[in-house]
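Structure record follows, encoded as structure tokens.
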Amino acid sequence: MLTSFEKTVSTFPEIYPLSTKNQEVRRAVLSKQLSVFYTIINNEILVIGMIDNRMDYAKWPK
């Protein structure tokens, strides 16, 4: 799943939507359980974090 994400983002870096909380971060929902947050800096993809979507939204990092 992560390999597929890497290939997709390296080809189309802006394919995933911007996060609702931070307009510099994009959120890729890889499955019902997993999301990856990343940003684009100087034509490089920086993965900020991965999160379990089953976790209570109030506990997500800000």
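The values are calculated or read from the model by the stated rules, or taken from the named source; none is laboratory data. On a predicted model such as this, the values are computed, not experimentally measured, just so you know. Note: ideal-geometry Cβ built from the backbone for every residue, glycine included; neighbour counts use all protein chains shown. Surface accessibility is based on the protein's heavy atoms, side chains included, excluding ligands, DNA and RNA. Shrake-Rupley method; radii C 1.70, N 1.55, O 1.52, S 1.80 Å.
Checking Ala28 against (1) modelled with pLDDT of 90 or more; (2) open to solvent by 70 Å² or more (accessible area, probe 1.4 Å): exactly one of these is not met. Which one?
(2)
From Phe5, Phe37, which residue is outside any loop (DSSP other than H, G, I, E, B), touching a Gly at 6+ places or on another chain (Cβ under 7 Å) and open to solvent by less than 90 Å² (accessible area, probe 1.4 Å)? Outline the logic, then answer.
Numbers: Phe5 fails: touching a Gly at 6+ places or on another chain (Cβ under 7 Å).
Exactly one residue qualifies, and that residue is Phe37.
So, in region 18-37, of the ones that are out of contact with any Ser or Thr (no Cβ under 9 Å at 6 or more places or on another chain) and of a type in the set (Lys, Arg), which residue ends up nearest to Met50 (Cα to Cα)?
Step one: list which residues in region 18-37 are out of contact with any Ser or Thr (no Cβ under 9 Å at 6 or more places or on another chain), which gives 18-21, 23, 31-36.
Adding the requirement that they be of a type in the set (Lys, Arg) leaves 21, 32.
Numbers: Lys21: 16, Lys32: 13 Å.
Out of the qualifying residues, it is Lys32.
Go through region 15-25 residue by residue and tally those that are within 14 Å of Leu46 (Cβ to Cβ) and open to solvent by 90 Å² or more (accessible area, probe 1.4 Å).
1
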